[in-house]
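Report on one structure; see the data block that follows.
The values are calculated or read from the model by the stated rules, or taken from the named source; none is laboratory data. Please read all numbers here as calculations on a predicted model, not as lab measurements. Please note: Cβ atoms are built from the backbone with ideal geometry, for glycine as well, and neighbour counts cover all protein chains shown. Quick note on the areas: whole protein, heavy atoms, side chains included, nothing else; ligands and nucleic acids left out. Shrake-Rupley method; radii C 1.70, N 1.55, O 1.52, S 1.80 Å.
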Amino acid sequence: MYDLSNYLKKIEDVISGGPYHDTWESLSSYHVPAWYQRAKFGIFIHWGVYSVPAFGSEWYSRNMYIQGSPEYEHHIKTYGPHTSFGYKDFIPLFRAEHFQPEKWAELFKLSGAKYVVPVAEHHDGFQMYRSDISNWNAFEMGPRRDVLGELSESLRQAGMVTGASTHRLEHWFFMGRGKEFESDIKEPLRRGDFYWPAMPDPDFQALFEDPEPTEEYLQDWLARTCEIIDRYRPKIIYFDWWIQRGVCKPYLKKLAAYYYNQAAKWGEEVVINYKHDAFQFGTAVPDVERGQFADVKPYFWQTDMAIALNSWCYTENNQFRPASDIVCDLVDIVSKNGCLLLNVGPKADGTISAEDEKVLRGIGQWLSTNGEAIYDSNVYRTYGEGPTQIVEGQFTDGIKKNFTSKDFRFTTAKGYLYATALKCSEDGNYCITSLGRQDASRQANFHGIIRSVNVLGFDTSCTWNRDETGLHIKCAAQSDYPIVFKIQTD
């Protein structure tokens, strides 16, 4: 059995000896790194043992043990009874025989992404990295490769920032339904076992109700996360939901203090992503899952969403979103002081589907022309204008946004104002009402001088004029993607 005591002592020593301590007061001196605020666009990767069945979603490991669920029925029909073929039996089938990290890095670079966050450990409890804490990892089983290590090195060589995501805390309950009938999940379960602890499903919305994770489990979680930090030095650590529970708070503070102190030793600036007020506001970067904000925020934030609407991992029935829709989301998010972490789910063999690749290349092609309106940009005095309302909140990415040529989003960079039309005008006419001539004695958006208007990425010029109703632009450019007007003001 792995002895946690020495690692826990090291964690305490790092916390006590660094600039950050495990209190919200100390952690509130954290500042979001400039490199992260400039990057705007990153790639998330859900790839693991759950990619083998490729059915339902990345929650297959839990749902296959819920009697009567589609995953339960599919599992029995395809693989046999749970007593003879459980989730652990997918591990030898997870061979990743075509995994080429340098090819992934090349594709992500082409997509225009500036940072990449692979899932290091999902709810299923299988580590995608070399570990001294558990033998249930990709280095010792399945692919028998240090997936996170190899990929991180290839990404760094390609000039991208690397991160890591850990969803370990949810493993507390993730396999618990397998105890409700005859399966391969049965007592006794001990720390170090793949399925441990397989507790009953909690009330997902409750913060202080039983069953709470035990001190032993939370210490194990802390050590696992710090092992990722020490071994791979990720510049981003992403946490999924459920860590917001009250019993977790002391460990979150320890983790943040440890991470920030280690980063200070490395001379790096790092980021923690969190949901649901798990961390005290101002001590890390909030994340909105599969959703956006309706208005600009005074703080920097992140959206994580997937190319597929139905799953974070690859399944044989993924519903892929078009690249043009994702570009619209990216533009909207950036105009509101956010960044986009876009998920791709590779197949079990290590290849990325043609549909995913098409979307990534489409986004990259748009960014190669229009990236100056996105990267290194800042918010304008208003995020934009137009009739189409964004539904705010989590899990709203499935709501189709029918943008019009009157929907604009604004950013500023290097002395220019960028106005992105989220849909092309069929007749080439645009009117930006907030840039019209205004009486300087009245409250208005813009009183300055417009010197020039150009469209990015097209061999065509714009004609324009300005009156009290708006900035009127005539431009023949046509595209299925948003088009960007570069406006020189004075």
Legend entry - Residue ID - most open to solvent (accessible area, probe 1.4 Å), chosen from residues in the range 174-189 that are outside any helix (DSSP H, G or I) and touching a residue at least 60 places away in the same chain (Cβ under 8 Å): GLU182
Inset, instruction - Kindly provide the set of residues from the range 144-173 that are within 21 Å of THR351 (Cα to Cα), free of Cβ contacts under 8 Å to residues at least 40 places away in the same chain and outside any loop (DSSP other than H, G, I, E, B), ordered by number. - result: ARG156
Inset, instruction - Give the range 450-475 a look and list any residue that's outside any loop (DSSP other than H, G, I, E, B) and either in contact with a helix residue (DSSP H, G or I) (Cβ under 8 Å, 6 or more places away or on another chain) or in contact (Cβ under 8 Å) with a residue 40 or more places away in the chain (or both), or say none. - result: ILE450, ARG466, GLY470, LEU471, HIS472, ILE473, LYS474
Inset, instruction - Taking the residues in the range 289-339 that are aromatic (Phe, Trp, Tyr) and out of contact with any helix residue (DSSP H, G or I) (no Cβ under 6 Å at 6 or more places or on another chain) as candidates, determine which candidate is most open to solvent (accessible area, probe 1.4 Å). - result: TYR299
Legend entry - Output for the range 298-354, where each listed residue is in a loop (DSSP other than H, G, I, E, B), over 21 Å from HIS74 (Cα atoms) and among the aromatic types (Phe, Trp, Tyr): TYR299, PHE300
Inset, instruction - Scan the range 444-465 for residues that are modelled with pLDDT of 95 or more, over 16 Å from ALA421 (Cα atoms) and under 36 Å from the mean Cα position of the chain (by Cα) and report the count. - result: 0
Inset, instruction - Scan the range 228-272 residue by residue and report those that are without any contact (Cβ under 8 Å) to a residue 40 or more places away in the chain, of a type outside the set (A, V, I, L, M, F, W, C) and touching a Pro at 6+ places or on another chain (Cβ under 8 Å). - result: ARG245
Legend entry - Check on GLY364, in contact with a helix residue (DSSP H, G or I) (Cβ under 8 Å, 6 or more places away or on another chain), of a type outside the set (A, V, I, L, M, F, W, C), open to solvent by less than 30 Å² (accessible area, probe 1.4 Å) and within 20 Å of PRO322 (Cβ to Cβ): yes
Inset, instruction - Please enumerate the residues belonging to the range 384-408 that are open to solvent by 50 Å² or more (accessible area, probe 1.4 Å) and farther than 17 Å from SER324 by Cβ. - result: PRO387, GLN389, VAL391, GLU392, GLN394, PHE395, LYS406
Inset, instruction - Return yes when GLY415 is out of contact with any strand residue (DSSP E or B) (no Cβ under 7 Å at 6 or more places or on another chain), crowded, with 19+ Cβ neighbours inside 10 Å and farther than 21 Å from PHE41 by Cβ and no when it is not. - result: no
Legend entry - Those residues of the range 345-403 which are more than 30 Å from TRP59 (Cα to Cα) and free of Cβ contacts under 8 Å to residues at least 60 places away in the same chain, in sequence order: GLN365, ASN378, TYR380, GLY384, GLU385, GLY386, PRO387, THR388, ASN402
Inset, instruction - Answer with yes or no whether PHE410 is in contact (Cβ under 8 Å) with a residue 12 or more places away in the chain and either part of a strand (DSSP E or B) or aliphatic (A, V, I, L, M) (or both). - result: yes
Inset, instruction - Determine which member of the set PHE94, PHE99, PHE55 is in contact (Cβ under 8 Å) with a residue 60 or more places away in the chain and either out of contact with any helix residue (DSSP H, G or I) (no Cβ under 9 Å at 6 or more places or on another chain) or open to solvent by 30 Å² or more (accessible area, probe 1.4 Å) (or both). - result: PHE55
